[in-house]
Amino acid sequence: MTEGYERNYLDREIEVDILEATRVKQQKNPVMPVRLTAEDSFCFSCRRENSCWNRCCHGADITLTPYDILRLCKRLDMRPAEFLLEHTFPALWDKADLPVAKLKMADDGKGACPFMRDEGCSVYEDRPATCRYYPLGLASVKMKGAETKEDFFFLVKEEHCQGHVQTKELSVKAFREEQGVPHYDEVNRGWIDILMKLASWKVVGGPFGQDLTPQTKKMFFMVSTDVDSFRRFVFGTKFLETYEIDAETVEVLKTDDEALIVLGFDWMKNVIFNDPTINLKKEILQGAIVKARQDMGAC
Ligand code: SF4
Ligand code: SF4
């Protein structure tokens, strides 16, 4: 990281919404998000008896996280390529100019989610992170002068949602656990970090002042959405000859999709930000040093 750009990055306080809690974009009364920490409490209860039952599953704007796609593919017994074609459309996450996959709603004027049934969500145990979080949103914040960032949450009260008039009170921490969110956040951590960090670099035109190449954005989309393609890339190219990955981990990566995703985002962090999240093999590194010296006329 060059010094000037590093200073610019550290000298700013940055807050980025990662998962937005709004379902209905055009409302008469705008929603007023309330910022919460994990220890804060709020009143909410989503029940079939509520008159709004299933309303939030229409016209929802759902960005699918990498782990959402893994879980839904397993649930529906589909491979990612087939799932992406049938249930998603590509979109640009404009805060960071990165491609993401969004869940396709029905094109019938009502915009129902394809997994919605009268009795509720047909993929409930594997529903996306955004659906688990609702009515909370997830944001990441980096304070001025800090290299690391923290998550915080915001509560959104949309007009249609009757869940807020219920009296069940629970902390954000308890709600997240009840909704099975922590493991989603754990597997998605690298993806969230990259979105956040790139959003924060956007004001200076990208990491170190340069936009990502189309090829890097394509690789990010592949790692984020299609674990089969990424596995073919890891095992079918010089990837394993280039990076220091021990034999035991290589065996795990052959079948463990979660581990492969985590590796994928470690690799992307190294490619995009030069973070030390994955190491080049010694001989590759030495070869690169010799070449750089030759290019500078030092040998
Ligand atoms: S995945 Fe389930 S909870 Fe989420 S919008 Fe669709 S039906 Fe609703
Ligand atoms: S209470 Fe809110 S979250 Fe539950 S069904 Fe109604 S609109 Fe959806």
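The values are calculated or read from the model by the stated rules, or taken from the named source; none is laboratory data. Predicted model, so just to flag it, every value in this text is computed and none were measured. FYI the Cβ positions are ideal-geometry reconstructions off the backbone, even for glycines, and counts take in every protein chain you see. Just the protein is used for accessible areas: all its heavy atoms, side chains included, with ligands, DNA and RNA removed. Shrake-Rupley method; radii C 1.70, N 1.55, O 1.52, S 1.80 Å.
Assorted remarks:
- Between Lys217 and Arg189, the distance separating the two model label sites (each 7 Å from Cα on the Cα→Cβ line) works out to 2.9 nm.
- Three-way shape call for region 45-90 based on the alpha-carbon gyration tensor, with the a/c threshold at 1.5: prolate
- With R₀ fixed at 22 Å, the C-beta to C-beta distance from Phe235 to Lys74 puts the FRET efficiency at about 0.60.
- Probe 1.4 Å, accessible area per residue of region 253-299, Å²: 62 Å²
- Within region 134-169: backbone nitrogen closer than 17 Å to the Lys202 label point (7 Å, Cα to C-beta): 138-142
- Global geometry of the chain, whether rounded, prolate or oblate, following the gyration tensor of its Cα atoms and the 1.5 cut on a/c: prolate
- Extension reserve of the Asn270-Trp93 stretch, reckoned as 0.36 nm per residue once the Cα distance is removed: 61.7 nm
- For the chain, carbon and sulfur atoms together expose 52% of the accessible surface, with a 1.4 angstrom probe and every protein chain in place.
- Qualifying lysines (Cα of each under 17 Å from Cα of Lys238; at least 8 residues distant if same chain): Lys254, Lys281, Lys282
- Cross-link partners of Lys104 among aspartates and glutamates (Cα-Cα below 16 Å; sequence separation of 8 or more within a chain): Asp61, Asp68, Glu82, Glu86
- GNM flexibility winner over the chain from Asp97, Asp257, Asp77 (Cα, springs under 10 Å): Asp77
- Accessible surface calculations at 1.4 Å, restricted to protein heavy atoms, place region 65-121 at 53 Å² per residue.
- Straight-distance crosslink candidates among lysines, where the alpha carbon sits under 29 Å from Lys173 and sequence neighbours closer than 8 are dropped: Lys25, Lys74, Lys95, Lys102, Lys142, Lys144, Lys149, Lys157, Lys197, Lys269
- Taking all Cα pairs closer than 8 Å and separated by 6 or more residues, the relative contact order of the chain comes to 26 percent.
- Here is the list for region 220-267: GluC sites (Glu not before Pro) lying in DSSP coil, each with at most 15 other C-beta atoms within 10 angstrom of its C-beta, are Glu244.
- Averaging the Cα positions of each part gives two centres, and for region 211-268 and region 75-120 these lie 23 Å apart.
- Three-way shape label, region 175-266, alpha-carbon gyration tensor, a/c 1.5: oblate
- Between helix 282-295 and the chain: long-axis angle, C-alpha atoms, 0 to 90°, nearest 10: 60 degrees
- Cα gyration tensor of region 86-233 - equivalent ellipsoid semi-axes, whole Å, descending: 29, 22, 15
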